[in-house]
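The values are calculated or read from the model by the stated rules, or taken from the named source; none is laboratory data. Values in this document were obtained by computation on a predicted structure and should not be read as measured data. Using ideal geometry, Cβ is built from the backbone for each residue, glycine included, and neighbour counts are taken over all protein chains shown.
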């Protein structure tokens, strides 16, 4: 079955016309029309209020909806719907994206939307929530953009379908284009303007009001450069001056970074401000890529510790052996921690896109503001004149109110009454109608006084407004004072630091720490550190600070290794570069900047760190003394491929109580026992042994006695012996006595003998609880590291001590 044709035939009088059009001309015309539409209706801001059409429509519609700062929040979807349905003939996504940016404090220097909910994060690492979840209202400063918009201050035009009216521009009580900046890509042109500080821009505008012929250099004293919402550091001001002069220029933005101790073992770079529009995730990803590709060295770890309480905090941990400042320079070169911002001040002036400098931008805005204030003043004067006209008519009626009432009562209708009143009192039609509409209860003596007062006030306001309209100086003064009030209320301190150029001092610093000589120190409170150089810490100026008792010190190099000897006979290797470096204050041997031993060594149970030693195989070796009186000189044989070595084989129940690195081999080894015996003999009497050996007899102990101190003393220097007594079975410190004796009072004896008495016990004393022999001057400290003053020296080697109640925990001499 054939289907019937549904095509409607043309009418009989239809005449077909075909136009031949050159495709080049059609494409050119269509493209130019499209380009102009994009430029004017989408992409470029107006130089007067600094807004693109979508931003202007959002602000205007929120004002129409009454979403003021003192009102409650509403769903963003509701605002987007109103804007899209009434004013903006584009998709909801573009409207919401613009609204989100207006609410982001890291995108705008003075946000125009007060957002409630997730409006995204810096660099868009965390995208904003959907508009059905977020809420908004006008920000405090946004009301200034629409202030007096209902007073005929700006022109209105029809919307896309002719059913609504929208403003061509907003009154804009502050220079929004300079304060918040703008970015947009049109057809054949683009704009990219950085934000500025409100107070600085207003100061420049006020100066230009007072001095219209001011040059750029003068204006730049008020506006030295952009002030970005995210802070940072602008490096190089030449490009900024070019942009302020010609409308185009470039400058570099650097992150704000400081070098801090991020852990007990390492330093790091703490980033608190990033370049404009750069987020931490982008930086972290770039750093990881560079580290993986081995294009960036010295980075141990990167952590993003950003939170709402402390703001941005990006911690970049630097490996030991690398200079943090040099690593930072590498980060500036290779990562988004330094970005280039290209200024392109393209904005619409009278509908035409122009590239404007700083002065031109301020002039366009001020001309707009002069027009707004002039139109506002004209509107207000007209309103007050109209009101004055009515008040004067009402006062005329009140003077002869009885006659007014008689005329009205005797009239047949309101039209006759109106004509008779106009004829009798010479009133205008508007005045007469107002009198007829006024209730009788307002025609009292008190209301007459009020009306006379209102008349005088209106006359004063009209004169003031007339003065503004007739005097350009008064108009400028008013605009300047209003700008000053805005800056006072909403101005904030500058966030971005301006630098003439990048510091070149760091560029010459090598990336890795040099293998310079240093000294590694161990304090009485268990802190490890290294010095800046290899010179000994004298500390002879009398300064006493916390942790100033250095129980062990060895020479080393910054990129070398040292050994740490424990009480169980283990030697553990430590990389010197891992240790924190002390400030170069050699006059005060303080390890307050050191790190605990536990950060570097894994000690077991009651195992303790006894001393430090170099791993130099050309040294005379290491001397060790044990609790049970064994002595050993260790042959310096330390394989470089092992991090843990055994330096002595201990018997069951024995442990190392002291150790010392021999420097010359001419030192004397000194044992002090719990029963107050001191044995001193040359180190040469002890034959060096291999690491697995168990040592030899060092001192002969009486029954129940044990070694409490073992040291090596150079007989060529002045030495001292310090002893502190106690009693078995008591913790009472009051029974203690202490004695400080010159070391040369004790004679040398043979190895494995009993030695000589070094302290005579008094009643209630039967043991030594603390003893030490070494180079003078001796230093003592409490368990917390606080310094303790020692008693005066006693020349008697076997004399009794003096009462001593200080809680001494450790003893040592100078850090040589």
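Of (1) under 24 Å from residue 191 (Cα atoms); (2) within 16 Å of the chain's Cα centre (by Cα), residue 306 satisfies all except one. Which?
Exception for residue 306: condition (1).
Got a sec? Which helices (runs of 4 or more DSSP H) wholly within region 147-254 have at least 1 residues that are more than 27 Å from residue 476 (Cβ to Cβ) and without any contact (Cβ under 8 Å) to a residue 40 or more places away in the chain? Show your work before the answer.
Numbers: elements: 176-180, 198-210, 216-222, 238-246.
By residue number, 238-246.
Looking at region 299-311, which of its residues are at pLDDT below 90 and not in a strand (DSSP E or B)?
Hits for region 299-311 are 306, 308, 309, 310.
Test of understanding: among 264, 186, 203, 214, which residue is in contact with a helix residue (DSSP H, G or I) (Cβ under 6 Å, 6 or more places away or on another chain), over 28 Å from residue 367 (Cα atoms) and surrounded by fewer than 20 Cβ atoms within 10 Å (Cβ to Cβ)?
Exactly one residue qualifies, and that residue is 264.
One line per residue, one yes/no per condition, for (1) more than 22 Å from residue 171 (Cα to Cα); (2) touching a residue at least 12 places away in the same chain (Cβ under 8 Å); (3) part of a helix (DSSP H, G or I):
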{"site": "63", "(1), (2), (3)": "no, yes, yes"}
{"site": "72", "(1), (2), (3)": "yes, yes, no"}
{"site": "77", "(1), (2), (3)": "yes, yes, yes"}
{"site": "123", "(1), (2), (3)": "yes, yes, yes"}
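Can you tell me which residue in region 309-333 is surrounded by the fewest Cβ atoms within 10 Å (Cβ to Cβ), limited to those that are under 22 Å from residue 228 (Cβ atoms) and touching a helix residue (DSSP H, G or I) at 6+ places or on another chain (Cβ under 6 Å)?
Among them, the one singled out is 329.
Please go through region 659-692 and pick out each residue that is surrounded by 21 or more Cβ atoms within 10 Å (Cβ to Cβ) and under 18 Å from residue 767 (Cβ atoms).
Result: 671, 672, 673, 674, 676, 677, 678, 679.
Given the criterion within 29 Å of residue 560 (Cα to Cα) and modelled with pLDDT of 90 or more, identify the matching residue among 357, 268.
268
Hey, which of the strands (runs of 3 or more DSSP E) in region 572-654, taking only ones fully inside, have at least 3 residues that are at pLDDT 90 or above and not assigned by TED's automatic domain parsing to the domain that holds residue 532?
Values: elements: 609-614, 622-626, 630-634, 644-646.
Counting at least 3 such residues, we get no strands (runs of 3 or more DSSP E) at all.
How many residues are modelled with pLDDT of 70 or more and either out of contact with any strand residue (DSSP E or B) (no Cβ under 6 Å at 6 or more places or on another chain) or in a loop (DSSP other than H, G, I, E, B) (or both) when one looks only at region 34-55? It would help to see each step written out before you state the result.
Looking only at region 34-55, we keep the residues that are modelled with pLDDT of 70 or more, and these are 42-55.
From the residues that got through so far, the ones that are either out of contact with any strand residue (DSSP E or B) (no Cβ under 6 Å at 6 or more places or on another chain) or in a loop (DSSP other than H, G, I, E, B) (or both) too are 42, 44-45, 47-55.
Residues flagged as modelled with pLDDT of 70 or more and either out of contact with any strand residue (DSSP E or B) (no Cβ under 6 Å at 6 or more places or on another chain) or in a loop (DSSP other than H, G, I, E, B) (or both) within region 34-55 amount to 12.
Yes or no, residue by residue, for (1) touching a helix residue (DSSP H, G or I) at 6+ places or on another chain (Cβ under 8 Å); (2) modelled with pLDDT of 85 or more; (3) more than 15 Å from residue 709 (Cα to Cα):
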residue: 733; (1), (2), (3): no, no, yes
residue: 743; (1), (2), (3): no, yes, no
residue: 746; (1), (2), (3): no, yes, yes
residue: 749; (1), (2), (3): no, yes, yes
residue: 757; (1), (2), (3): no, yes, no
residue: 767; (1), (2), (3): no, yes, no
residue: 770; (1), (2), (3): no, yes, no
residue: 780; (1), (2), (3): no, no, no
